[in-house]
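Participant: The following block contains the structure, expressed as structure tokens.
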Amino acid sequence: VTVTNVANTLTVTTTSDAANGDTSSIEALNASDGGDGISLREALIAANNTSGADSIGFDIAGSSVHTITLGSLLPDITEAVILDATTDDSFAANGNRPAIEIDGNNLSGDGLVLTATADGSTIRGLVIRNFGSDGIRIDAGSNNNTIVGNYIGGLTSAGTAAAVGNDNDGIGIIVRGANNIIGGSAVADRNVIAGNSDDGVWITGASATGNQVIGNYIGTDASGTVAVGQGDDGVDLDNGASGNVIRGNLISGNAVNGIDFFAASGNA
């Protein structure tokens, strides 16, 4: 998705989880943010309320790691959006590693959810941890999304194991849609998916076709040398998932299988 309309661009400027700005549209929020900057929650709500593809970047004061601790679950993403945390100067200051942390505060539910109307979205450069269920959920009918350069699970912004209790209690990334890309051949696109209580990546259902899981570290820290395993499989394909590709990943340290195929065919 290429966003060229400036009116469809937002910048998150605070770690606050407040939503006191005018979120009726991106244009409205840019004009009236409530006087305390634009929060991630406000940005997502405003993007959902604005037709067409949107772009959300980050410019939070200071170049240290920024943690957004949630008071309630974020809204599901219902419109195509590019959510890019590498735009914050903290990313470069952190050695070109994710430096915007979304801390789920152990809330019961998923971190970021791409619904069937959010086709063509990108999620890049975030630490997503401490949710009571899954880190990222891609619903059936949500296709052609790109998930790259994130740390998902019980990880710090340094890419090392986080303290006990900071994992996602479910799956790192669950994929029910088609033609989604998880990772990539470039180092910058590598997701580190580690320390989740269930699977690292779960591709499930007959609608889950043509997905690619490429070049990720699944079950290790960001160095690829220290095990930070999932509680179950590294990658699990089941319930009729077909035509998916698992290639070039480092999969190690997980409690059960590295890759598990169950009632899934035509995958490579």
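The values are calculated or read from the model by the stated rules, or taken from the named source; none is laboratory data. If you're wondering where the values come from, they're calculated on a predicted model, not measured in any experiment. In this analysis, Cβ positions are derived from the backbone assuming ideal geometry, glycine residues included, and neighbour counts consider all displayed protein chains. For accessibility, only protein heavy atoms count, side chains too; no ligands or nucleic acids. Shrake-Rupley method; radii C 1.70, N 1.55, O 1.52, S 1.80 Å.
Participant: Looking only at the range 54-93, how many residues end up being of a type in the set (A, V, I, L, M, F, W, C), farther than 25 Å from Asn106 by Cβ and open to solvent by less than 30 Å² (accessible area, probe 1.4 Å)?
Facilitator: Matching residues across the range 54-93 total 2.
Participant: Right, something else. Kindly provide the set of residues from the range 218-241 that are outside any loop (DSSP other than H, G, I, E, B) and open to solvent by 40 Å² or more (accessible area, probe 1.4 Å), ordered by number.
Facilitator: Step one: of the range 218-241, the residues outside any loop (DSSP other than H, G, I, E, B) are 218, 220, 227, 235-238.
Once the filter is applied, which keeps residues that are outside any loop (DSSP other than H, G, I, E, B) and open to solvent by 40 Å² or more (accessible area, probe 1.4 Å), the range 218-241 yields only Ala227.
Participant: Also, I was wondering about something else. Just checking, does the range 100-109 include any residue being in contact with a helix residue (DSSP H, G or I) (Cβ under 9 Å, 6 or more places away or on another chain) and small (Gly, Ala, Ser)?
Facilitator: Checking the range 100-109: not a single residue is in contact with a helix residue (DSSP H, G or I) (Cβ under 9 Å, 6 or more places away or on another chain) and small (Gly, Ala, Ser).
Participant: Scan the strands (runs of 3 or more DSSP E) fully inside the range 64-118 and keep the ones with 3 or more residues being farther than 17 Å from Thr146 by Cβ and under 15 Å from the mean Cα position of the chain (by Cα). Talk me through it step by step, then tell me what you get.
Facilitator: Numbers: elements: 66-69, 81-84, 100-103, 112-114.
Because the criterion is at least 3 residues that are farther than 17 Å from Thr146 by Cβ and under 15 Å from the mean Cα position of the chain (by Cα), the strands (runs of 3 or more DSSP E) in the range 64-118 that meet it are 100-103.
Participant: Could I ask something else about it? Considering only the range 144-156, state which residues are in contact with a Ser or Thr (Cβ under 9 Å, 6 or more places away or on another chain) and either more than 22 Å from His66 (Cβ to Cβ) or β-branched (Val, Ile, Thr) (or both).
Facilitator: Those that are in contact with a Ser or Thr (Cβ under 9 Å, 6 or more places away or on another chain) and either more than 22 Å from His66 (Cβ to Cβ) or β-branched (Val, Ile, Thr) (or both): Asn144, Asn145, Thr146, Ile147, Val148.
Participant: Checking the condition open to solvent by 10 Å² or more (accessible area, probe 1.4 Å) and in contact with a helix residue (DSSP H, G or I) (Cβ under 7 Å, 6 or more places away or on another chain), which residue from Gly183, Gly215 passes?
Facilitator: On the way: Gly183 fails: open to solvent by 10 Å² or more (accessible area, probe 1.4 Å).
Just one listed residue meets the conditions, Gly215.
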